Amino acid sequence: MKILVINGPNINLLGSREPEIYGKRDYAALIDELADFAKKLSVTLETFQSNSEGALIDKIQAARGCFDGIVINPGAYTHYSIAILDALKACDVPAVEVHLSHIAARESYRHQSVTAAGCIGQICGFGFDSYALAITALLNRHNGI
């Protein structure tokens, strides 16, 4: 199984950006942890991060026919990007939206996810484990579990 992990704006600042919300581990630690987790499951993982909405859309579109699943943390685009939603719907690759923090327990403008409607599920509030849970869910779905 091949999974694409897409991270949106400011995820690259993990460890220094609001550590009381997002934790003290940096982006490299997230990628390393995911690589180790995927290896244990015999999952091929590719990661991508961009602060640009267009680059995220291009990556989603390019996933079609190349990946069995997408794990996406759209960052702030979660709350208003119809373009990312449309890309997720059009690419025909099952996606799981993830968030490090519990978005429903934060500021009211973060409660609504526009992009989740293009995904098969959403996992939030578990820090780095949100990604591992999403990978597990995609793997189980792929294996018919």
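Things to note:
- Length-normalised contact order for the chain - Cα pairs under 8 Å, 6+ apart - percent: 26 percent
- 3J(HN,Hα) from dihedral phi, segment 88-97, Karplus parametrisation 6.51/-1.76/1.60, rounded to Hz, x for glycine, proline: 4, 5, 7, 7, 6, 10, x, 10, 10, 7
- Checking [x] 41, 32, 29; [y] 36, 32, 26; [z] 47, 34, 31 against the coordinates, the calculated Cα extents along the principal axes in Å falls under label [y].
- Springs join every pair of Cα atoms under 10 Å in this Gaussian network model of the chain, and among 114, 98, 71 the largest mean-square fluctuation is at 114.
- Within the chain: Cβ-based charge dipole about Cα centre, in debye rounded to nearest 20 (Lys, Arg +1; Asp, Glu -1): 180 debye
- Each residue of segment 47-56 was assigned a 3J(HN,Hα) from its phi angle through the Karplus expression (A = 6.51, B = -1.76, C = 1.60, θ = phi - 60°), giving 10, 8, 9, 8, 8, 9, 4, x, 5, 5 Hz with x at Gly and Pro.
- Close amide H pairs (under 5 Å, H built 1.01 Å from N) link residue 71 with 4, 5, 6, 96, residues at least 5 positions away or on another chain.
- Reachable aspartates and glutamates from residue 89, criterion Cα separation under 18 angstrom, eight or more residues apart if same chain: 53, 58, 68, 97
- Using just its DSSP H runs of length 4 or more, each adding -39500 (n - 2.57), the chain gives a mean residue ellipticity at 222 nm of -10500 deg cm²/dmol after division by all residues.
- Signed unit charges on C-beta, dipole axis of the chain, positive-most listed residue 16, 132, 82: 132
- Loop-resident sites, segment 1-102, for trypsin sites (Lys or Arg not before Pro), counting at most 14 other Cβ within 10 Å (DSSP): 17, 24, 64
- Protein accessible area in segment 39-89, 1.4 Å probe - carbon and sulfur %: 48 percent
- Considering only 51, 100, 65, the residue lying farthest towards the positive end of the dipole of the chain is 65, judged by Cα position with unit charges set on Cβ.
- Fully extending the segment from residue 145 to residue 83, taken as 0.36 nm per residue of separation minus the present Cα-Cα distance, adds 19.2 nm.
The values are calculated or read from the model by the stated rules, or taken from the named source; none is laboratory data. This one's a predicted model, so the numbers in the text were calculated from it and none came from an experiment. A quick note on method: Cβ atoms are made from the backbone with ideal geometry, for glycine too, and the neighbour counts reach across all protein chains shown. Protein only, heavy atoms only, side chains kept; ligands, DNA and RNA dropped before computing areas. Shrake-Rupley method; radii C 1.70, N 1.55, O 1.52, S 1.80 Å.
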